[in-house]
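Have a look at the structure below before the remarks.
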Amino acid sequence: MRRNLPALIASVAVAALVTGCSLLNGVPEPTTVSGRIAAMQTAGLDLQRPVEIRWNAHMVPWITAETDDDAAYALGYVHGWLRLGQMEIGRRAASGRLAELAGPLAADIDESLRILGYRRDAEAAYTRLPEATKRWIDRFSAGINAAMAALPELPHEYRLLGFRPEPWTPVDVMAFGRLAGSDVNWLTAVGMLKLTKRPDWPDIWRQAMEFNGGTVPSIAAAGDDSERDAATRLAWMLGTIAGFARTGSNAWAVTGAKSASGKPVLATDPHLGIQAPNLWLLVGLKSPTFEVVGMMPAGLPVFGLGRNRELAWGATNLRARSSDFVDVTGLPAGRIETQTETVGIRFGFDREVTRRITPWGPVITDAPLVEDARGRELALRWVGYQPSDELTAYLDGARATDVQAFRAAFRDYAVPGLAFVLASASGDIAIGTAARLPARPLEAPRDLVMAPPAEGMDAWGRMLGAADLPWILNPAKGYVASANNPTAPTIAPLTLFDTPPDRISVIEQRLAGADQVDRDFMGALQRDTLSPSALVLRDAVLQQAERAGMATDIPARLRAWDGRYDADSEGALLFEGLVSAMAPAIYAALGQDDVYEVIQRWSWFRVKVAADMARLTPDQLRTVFAAGLKGLAEVEAKARVWGDLHRLELSHPFSNAPLIGSRYIFSDLPTGGSNETVMKAAHSPSTERHRTVYGSQARQVNDMADPDANWFVLLGGQDGWLNAEGFSSQMPLWQSGDYIRMPLERATVEAEFTTVTMLRPKG
């Protein structure tokens with residue numbers, strides 16, 4: 001769980017070098033959008049009626065089908081044609097089958113994935129699907145297989161890694177969906193396990209939990225909290241610790257009273273790993289029960305974000321408290337079930353994996369990638385191991401015509417926990433929670449690891465769902481928003497590791513005084529680079545420099561910095577150079593080097609650095625500032641502005657591989673943003689040139705006054721075929737803040753999606 005999917009893919013690419021053939025497989029020759037479309041096989045397909053696909057210049061498809069069966073099949077065909085290589089590695093990761101390609105290097109990864117058990121759970125979940133949903137995913141899988149059979153040549157990923165295609169099954173699709181639903185808290189929690197042996201662990205945990213559970217609600221919530229301005233929130237934050245899962249997204253909507261059109265306007269931008277191809281596909285679809293445009297996760301038959309004629313929806317990850325670590329050390333063998341699987345290993349001996357299942361879940365410390373510093377056996381208790389139906393929820397949500405119907409669609413939804421923001425053509429806006437969570441007490445947990453619950457004292461005995469969790473409709477303020485913070489106060493804690501208030505504070509400040517909101521306003525806010533917590537830490541640095549007698553050593557240019565991480569900002573460069581060098585010196589002085597290794601990846605990093613810097617003596621501070629000023633001088637010698645060091649690479653994950661990696665970097669550009677800016681562009685503390693690895697990578701704006709007023713853009717492009725025109729064609733739009741229009745009216749679709757492909761049935 002310490003490695004994300006791009007890291008897994010990179011590991012596979014490195015291992016593929018062992019075959020000795022990858023060096024001979026160069027990146028494919030450039031190809032045009034028209035060439036890629038013209039190569040599609042269009043006849044003799046398993047369809048009931050012909051299906052029309054209209055394409056725009058960026059290879060975005062608009063599908064019109066006469067039956068839902070054919071719509072699902074055509075979606076699978078399009079996903080397979082555009083993204084088969086990307087999807088193949090994703091499904092192998094979900095099933096713990098990477099070592100079949102990479103050999104022994106990936107065996108520990110596969111064993112860990114098998115213990116998590118995504119595929120086993122997907123197999124059980126498939127049998128429980130309603131017949132209509134089962135039919136949808138069956139036909140989607142059939143469409144993927146049709147595309148795979150029709151490709152004139154296999155994608156580059158297949159040829160580089162030397163494996164043959166296998167038919168897709170509905171369970172493959174569902175396992176990949178389960179992997180995508182993983183609890184984002186796990187990465188944080190597993191990292192913290194290494195600190196539990198420290199004598200000051202109780203203090204570290206207590207400090208983290210001071211910001212636990214979302215004390216800062218989303219701005220739609222009622223009461224005094226919703227009235228706080230940015231300055232009040234940040235002053236309050238100084239005395240607390242914010243959440244530290246490296247995830248994020250933004251979504252907000254305004255009422256017609258605040259918009260230029262007189263109808264609600266919605267904006268959202270998901271924050272995920274930055275890679276090419278993008279994790280999303282843009283698609284339009286019309287069938288007997290669907291008329292929708294939006295973003296689909298590549299390889300999944302649902303619209304995660306989008307709009308139909310009556311309703312638009314965006315979402316952010318709630319960082320929901322949907323899992324626990326339970327100490328099962330010494331649990332009697334009679335209470336443990338075992339399951340055995342075989343991990344196939346290329347160039348090596350197959351490995352038998354035993355998955356031990358306790359009453360609370362699998363023993364996660366059996367996984368090679370998870371280790372408890374105290375040697376305990378820990379079970380992972382996860383809501384995702386309970387029966388649920390996310391697929392039907394998304395399908396019904398895409399058909400919903402009002403807020404109430406959308407909320408009802410997610411009644412059986414469980415993971416990942418999401419905060420949805422909605423806007424309707426009838427004039428409503430709403431924010432609500434879709435998750436399944438235990439009805440826990442509101443107080444923070446006493447430790448990262450739980451003891452097995454006593455009989456009758458198990459908070460998991462009662463579960464809360466979308467019908468029980470907060471949904472707020474048409475607040476008096478005239479807007480709703482989420483930036484991964486909880487939607488509103490509730491009877492049970494929503495989150496464990498909350499997010500700092502930077503993004504929600506900036507969004508609130510902009511929306512509160514806004515009127516005549518339109519696409520340009522929304523786009524400018526999506527690209528905002530202000531980081532209030534950076535100013536908090538900058539001011540703390542200045543205060544401690546006074547105490548150390550080194551105030552005059554801090555450059556005036558840093559003192560005057562406005563907190564914006566624009567690509568051309570000199571102040572952002574100086575701040576990062578100083579803090580990146582000071583932070584490790586602070587924790588070396590405190591004897592907490594191992595703590596620094598963990599917290600540098602947490603979003604509450606700046607607040608903790610400010611608090612811990614105040615613990616140092618003046619002599620220690622002088623040593624720390626000497627290191628910081630050296631780092632500042634180093635960055636000034638290398639760069640002039642933030643974008644000289646902070647880079648936006650459009651690169652395939654294979655770019656991490658030695659020897660061949662440079663082939664897979666398709667652009668390297670200066671970019672703005674940072675860890676807690678609205679335009680998130682996450683990075684580790686560094687005085688070196690670095691790439692943004694996580695952050696804003698897709699954007700959406702919908703104006704409910706017009707069915708055609710829907711705008712989307714991907715960081716990169718639509719096509720997953722390496723070096724194709726559509727692989728990167730949206731990059732100029734992304735840089736300039738522009739979008740692709742995704743209309744719903746037929747006449748507009750015909751005018752803007754001018755290339756037509758007709759998929760025809762057999763016979």
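The values are calculated or read from the model by the stated rules, or taken from the named source; none is laboratory data. These numbers come from a predicted model, not from an experiment. Cβ coordinates were reconstructed from backbone atoms using ideal geometry, including for glycine residues, and neighbour counts include every protein chain displayed. The area values use the complete protein model at the heavy-atom level, side chains included, leaving out ligands, DNA and RNA. Shrake-Rupley method; radii C 1.70, N 1.55, O 1.52, S 1.80 Å.
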Practice item. Report, by chain and number, residues whose modeled amide H sits under 5 Å from the one on L464, excluding near sequence neighbours (fewer than 5 apart, same chain). Key: L437, A439
Check your understanding: If you roll a 1.4 Å probe over region 390-484 with all protein chains in place, what percent of the accessible area is carbon or sulfur?
Key -> 52 percent
**Study point:** Local net charge near R119, Cβ-Cβ under 10 Å (Lys/Arg +1, Asp/Glu -1)
**Key:** +1
Study note, to complete from the structure: Restricting to Cα pairs under 8 Å and 6 or more apart, the percent relative contact order of region 710-763 works out to 31 percent
Check your understanding: Extension gain E750-S662, at 0.36 nm per residue separation less the Cα-Cα distance, in nm?
Key -> 27.7 nm
Practice item. For the chain, state the average projected area of the convex hull of the C-alpha atoms over all orientations, rounded to one decimal in nm². Key: 31.1 nm²
Study note, to complete from the structure: To the nearest 20 debye, region 637-763 has a Cα-centred charge dipole, built from +1 on Lys and Arg Cβ and -1 on Asp and Glu Cβ, of 520 debye
Study note, to complete from the structure: re region 389-447: pairs of Cα atoms spaced beyond 16 Å account for a percent value of 50 percent
Check your understanding: Which cross-chain or sequence-distant (5 or more) residues have an amide H under 5 Å from the amide H of I740, H modelled 1.01 Å from N in plane?
Key -> F712, V713
Exercise for review: Only helical DSSP H runs with n ≥ 4 go in: add -39500 (n - 2.57) per run for the chain, normalise by residue count and round the 222 nm mean residue ellipticity to 500 deg cm²/dmol.
Suggested key: -10500 deg cm²/dmol
Review point. So what is the diffusion coefficient of region 56-144 in µm² per second by Stokes-Einstein at 20 °C and 1.002 mPa s, using a Kirkwood Rh over Cα pairs?
Key: 143 µm²/s
Exercise for review: Multiply the residue separation of A454 and A132 by 0.36 nm, subtract the distance between their alpha-carbon atoms, and state the gained length in nm to one decimal.
Suggested key: 111.8 nm
Practice item. Run through the DSSP bridge list for the chain and note the antiparallel percent, rounded to the nearest 5. Key: 90 percent
Check your understanding: Considering only protein heavy atoms, what per residue accessible area in square angstrom results for region 30-177 with a 1.4 angstrom probe?
Key -> 31 Å²
Review point. Could you give me the ³J(HN,Hα) list for region 406-414, computed from phi with Karplus coefficients 6.51, -1.76, 1.60 and θ = phi - 60°, whole Hz, x at Gly and Pro?
Key: 5, 4, 5, 4, 9, 5, 10, 7, 10
Revision key, fill the gap. From the Cα centre of region 351-407 to that of region 589-607, the distance in Å is 29 Å
**Study point:** Where Rh is the Kirkwood radius over Cα pairs, Rg/Rh for region 151-201
**Key:** 1.29
Review point. Rounded, prolate or oblate: which fits region 314-389, taking a ≥ b ≥ c as square roots of the Cα gyration tensor eigenvalues, rounded meaning a/c under 1.5, else prolate when a/b beats b/c?
Key: oblate
Exercise for review: Please list the helices of the chain that count as membrane-span-like by this rule: a mean Kyte-Doolittle hydropathy of at least -0.5 together with Cα atoms stretching 27 Å or more along the helix axis, each helix being a complete DSSP H run.
Suggested key: 68-94, 131-150, 570-589, 618-638
Check your understanding: Per residue Cα convex hull volume for region 334-482, in cubic angstrom?
Key -> 196 Å³
Practice item. Only residues of region 601-642 count here: report those whose backbone N is under 18 Å from the spot 7 Å along Cα→Cβ of A551, or say none. Key: 614, 618-619, 621-622, 625-626
Check your understanding: Local charge sum around D468 (other residues, Cβ-Cβ under 12 Å, Lys/Arg +1, Asp/Glu -1)?
Key -> +4
**Study point:** Gyration tensor verdict on region 492-623 (Cα atoms; rounded if a/c is under 1.5, prolate if a/b is larger than b/c, oblate otherwise)
**Key:** oblate
Study note, to complete from the structure: Magnitude of the Cβ-charge dipole (Lys and Arg +1, Asp and Glu -1) of the chain about the Cα centre, nearest 20 debye, reported as 580 debye
Point to revise | Charge sum, other residues only, whose C-beta stays under 10 Å from E725's C-beta, Lys/Arg counted +1 and Asp/Glu -1 | key: 0
Check your understanding: Roughly speaking, what is the stretch gain from A57 to R640, that is 0.36 nm per residue apart minus the C-alpha to C-alpha distance, in nm to one decimal?
Key -> 206.2 nm
Check your understanding: Counting only protein heavy atoms and using a 1.4 Å probe, what share of the accessible area of region 522-607 belongs to carbon plus sulfur, as a whole percent?
Key -> 47 percent
Review point. Once both labels are modelled 7 Å past Cα along the beta-carbon direction, what's the E371-I336 spacing in nm?
Key: 2.0 nm
Revision key, fill the gap. Taking only the alpha-carbon atoms of region 436-558, the convex hull volume per residue, in cubic angstrom, is 190 Å³
Review point. What ranking do 733-743, 436-446, 51-61 get when scored by the average of other Cβ atoms within 10 Å per residue, highest first?
Key: 51-61, 733-743, 436-446
Practice item. Place the peptides 495-502, 527-534 in order of packing, highest mean first, counting for every residue the other Cβ atoms within 10 Å and averaging per peptide. Key: 495-502, 527-534
Exercise for review: Can you tell me the FRET efficiency between A149 and R206 if r is taken as the Cβ-Cβ distance and R0 is 56 Å, rounded to the nearest 0.05?
Suggested key: 0.45
Revision key, fill the gap. Highest mean packing first, using Cβ neighbours within 10 angstrom, the peptides 63-71, 88-96, 398-406 sort as 88-96, 63-71, 398-406
Study note, to complete from the structure: By the Kirkwood definition, with r running over pairs of different Cα atoms, region 641-763 has a hydrodynamic radius in Å of 16.9 Å
